[in-house]
1. Run lengths n ≥ 4 of DSSP H only: what is the helix-derived mean residue ellipticity at 222 nm for the chain, with -39500 (n - 2.57) per run over all residues, to the nearest 500?
2. Enter the accessible area per residue of the chain (Å², integer; probe 1.4 Å; all protein chains in place).
3. Tell me, what % of the accessible area of the chain is carbon and sulfur with a 1.4 angstrom probe?
4. Pairs of Cα atoms under 8 Å, at least six residues apart: use those to get the relative contact order of the chain, whole percent.
5. Taking the Cα-to-Cβ direction at Asp79 and at Leu146 and moving 7 Å from each Cα, how far apart do the two end points lie in nm?
6. Report the label-to-label distance for Thr304 and Val60 in nanometres (one decimal), using points 7 Å from each Cα along the Cα→Cβ vector.
7. Can you give the extra length, in nm with one decimal, that the chain gains between Leu45 and Ser182 once fully stretched, where that is 0.36 nm per residue apart less the Cα-Cα distance?
8. Kindly count the pairs of lysines across the chain whose alpha carbons are less than 27 Å apart, treating pairs on different chains or eight or more residues apart as eligible.
Amino acid sequence: MKKLLALTLSLLMVLSLCACGGETTEETTTDTQKETVEIPPVEDLTSTDTSTIPGVEDGVLTVGMECAYAPYNWTQNDDSNGAVPIVNNPGSYANGYDVMMAQRICDTYGWELEIMAFNWDGLIPALQAGTIDAVIAGQSMTEERLEQVDMAGPYFYASIVCVTKEGSEQASAKGISELTGSATAQTGTIWYDSCLPQIEGAEIMPQSEDARAMIMAVESGTVDFICTDMPTAMGACATYSDLVILDFSDSEDNFQVDEGEINIGISVLKGNTALKDAMDKALSILNGDHFNAIMDQAIAIQPTI
């Protein structure tokens, strides 16, 4: 009887450690470490004269984002948890990791934060047109993007993963060579343009318009799996308990990408070195552990995707 009880307790412990996607010991250790990370207070640089920096001469930083890309950014109907009004969508508020980081930058210099919502493909054009001063929207620092804009950061160090249904054929894959079936990713991302083509067994379906559509594609069974970054995957799993993360980071059978291609940066107008440098200064007191801790805060308060 005692042996049976001990076996039952052991099984319960194992099950309790099984989270969305992964290697139980490492994830448990990582989660514990994240909980103990102390995020530095915002550095007070409000005495710095920023009146000659293009875009913030008036003391207002206007930031563009999708407001539909949890946990990086999303839309909610009130100002709870520090949400900021979306000026081109009256009555709506933006929140998420991008808003939190934008607010830190603004608090550093005493700027007012203004948020505007655009679709993914409209963000860079809005910046180039002068409608916004910066894009803080989970954008990877790709060479192609850096030809169009300058980028501050990184303000997050991302990793590429896949997401599939728990119990599916894909859920047992130990590397990308074992993945088969239909797949998609968000339009205009390295996930779709560079990563999915590396999976020889994948039937690549049309790209998803945004992160929400991508996640719904796998949740609804329209595709067998999706390719995305870890925060987006974690946000999806926080909403849908039947999804699991396939993280091949510790395997040689993984996506081949340059580190700079997957780090997340802040886009500013090409040549606006002053604004880029000011943002880099505000970010310089944070490291990868701090970024992860702030991302955990965003995931904890995100709405249903």
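1. Per the formula, -9500 deg cm²/dmol.
2. Using a 1.4 Å probe on heavy atoms only, each residue of the chain averages 47 Å².
3. The C+S portion of the solvent-accessible surface of the chain is 50 percent.
4. It rounds to 25 percent for the chain.
5. 3.9 nm
6. Here the answer is 3.6 nm between the modelled labels.
7. 44.3 nm
8. For the chain, the number of qualifying lysine pairs is 5.
The values are calculated or read from the model by the stated rules, or taken from the named source; none is laboratory data. Please read these numbers as outputs of a predicted model, since none were measured by experiment. Positions of Cβ are backbone-derived with ideal geometry, glycine not excepted, and every protein chain shown enters the neighbour counts. With ligands, DNA and RNA removed, areas are computed over all heavy atoms of the protein, side chains included. Shrake-Rupley method; radii C 1.70, N 1.55, O 1.52, S 1.80 Å.
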